[in-house]
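The values are calculated or read from the model by the stated rules, or taken from the named source; none is laboratory data. These numbers were taken from a predicted model, which means no experiment stands behind them. Ideal geometry is used to build each Cβ from the backbone, glycine not excepted, and the neighbour counts take in all protein chains shown. SASA here: full protein model, heavy atoms, side chains in, ligands and nucleic acids out. Shrake-Rupley method; radii C 1.70, N 1.55, O 1.52, S 1.80 Å.
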Amino acid sequence: MTLKKKNKLYEGKAKILYSTGYSYSLIQHFKDEATAFNAKKKEVIEGKGVLNNFLSEFFMQKLNSVNVPTHFISRLNMREQLVEKCDIIPLEVVVRNIAAGSLSKRLGIEEGKRLPRPLVEFYYKDDSLNDPLVTESQISTFEWATETELGEIFEIALRTNDFLCGLLSAVNLTLVDFKIEIGRSFRSEGEKLIIADEISPDSCRLWKTGTQQSMDKDLFRNDEGDIIEPYKIILKKLQETN
Ligand code: ADP
Ligand code: TMP
């Protein structure tokens with residue numbers, strides 16, 4: 001199979017998608033741009049794209065290996081990976097183990113409080129509306145996902161949470177919360193949901209175990225320091241577990 005990087009299909013805040021010449025795949029290119037608060041805060045952080053390409057590869061490959069399907073096919077080079085093209089469900093699926101971020105702000109729950117069980121939330125993916133929190137009933141009413149798909153999304157989200165919690169605890173990190181995107185795969189074996197986009201410290205909150213010390217994009221969001229060194233450390237430690 002000769003893969004050709006063809007047209008730029010989409011350029012987002014952190015990544016670029018290219019066509020490959022094959023209808024079922026895309027090339028996902030990781031940029032160095034870091035944004036927060038719907039791109040109100042923006043900076044180029046040299047090396048971030050390379051690290052997130054490797055980190056997302058690591059997490060997605062591990063998930064694939066335990067039959068949690070993801071779009072990841074193979075890493076092509078330092079900044080690019082070949083992924084399965086899918087029809088993205090317009091939801092940001094957030095799973096939380098510990099109160100932090102917008103949950104603490106919205107409901108006044110103390111940051112750092114462990115939740116009695118993992119909490120799954122849905123945000124409607126629309127930058128012009130600031131990705132608002134939405135209910136399951138709204139998701140059904142507006143047909144963003146069917147009820148069957150919603151059940152499957154809960155299952156994928158919770159299995160991903162269990163698996164990532166274990167993986168990260170082995171390198172002394174606590175998975176506070178994370179965001180995933182899910183898409184409908186076009187594979188011929190019937191409709192199937194897969195994890196798409198990226199899984200990296202840009203889309204997770206990771207605290208050094210036993211502390212509230214961030215090792216993720218909150219360092220950038222809150223002007224608390226460099227992210228490159230922590231991302232490098234996480235990647236190195238994860239790779240050592242292999
Ligand atoms: P944003 O669109 O929020 O600025 P990015 O810069 O990360 O975000 O752009 C990546 C885009 O690619 C996202 O809109 C995401 O939904 C989409 N995407 C990720 N994986 C896939 C995939 N496998 N198939 C189709 N679209 C994808
Ligand atoms: P929140 O507490 O700001 O709602 O974030 C919850 C999780 O989702 C956190 O791990 C960061 C991640 N996230 C994204 O990946 N993209 C986003 O646009 C936002 C707002 C959060």
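Tabulated results
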read-out	value
Selected residue (criterion: least open to solvent (accessible area, probe 1.4 Å)) from residues of the range 114-140 that are more than 30 Å from Lys40 (Cβ to Cβ) and of a type in the set (S, T, N, Q)	Ser140
Residue in the range 25-33 that is more than 16 Å from ligand 2 (Cβ to nearest atom) and more than 26 Å from Lys232 (Cβ to Cβ) present	yes
Close pairs from the range 1-24: first over 13 Å from Leu82 (Cβ atoms) and among the small types (Gly, Ala, Ser), partner part of a loop (DSSP other than H, G, I, E, B) and open to solvent by less than 100 Å² (accessible area, probe 1.4 Å), Cβ under 6 Å, at least 6 apart	Ala14/Lys31
Residue match in the range 83-98 (condition: open to solvent by less than 70 Å² (accessible area, probe 1.4 Å) and more than 19 Å from the chain's Cα centre (by Cα))	no
Test: residue in the range 170-181 that is surrounded by fewer than 21 Cβ atoms within 10 Å (Cβ to Cβ) and out of contact with any strand residue (DSSP E or B) (no Cβ under 7 Å at 6 or more places or on another chain)	yes
Every pair of residues 6+ apart whose Cβ atoms lie under 9 Å, when the first sits in the range 69-91 and is over 27 Å from Glu121 (Cβ atoms) and in contact (Cβ under 8 Å) with a residue 60 or more places away in the chain while the second is away from ligand 1 (no atom under 13 Å from the Cβ) and aliphatic (A, V, I, L, M)	Leu76/Leu3; Leu82/Leu3; Leu82/Leu76
Of residues in the range 115-172 being within 16 Å of ligand 2 (Cβ to nearest atom) and in a loop (DSSP other than H, G, I, E, B), the one nearest to the chain's Cα centre (by Cα)	Lys125
Total residues in the range 57-82, condition over 13 Å from Ile182 (Cβ atoms), in contact with a Leu (Cβ under 9 Å, 6 or more places away or on another chain) and surrounded by fewer than 22 Cβ atoms within 10 Å (Cβ to Cβ)	7
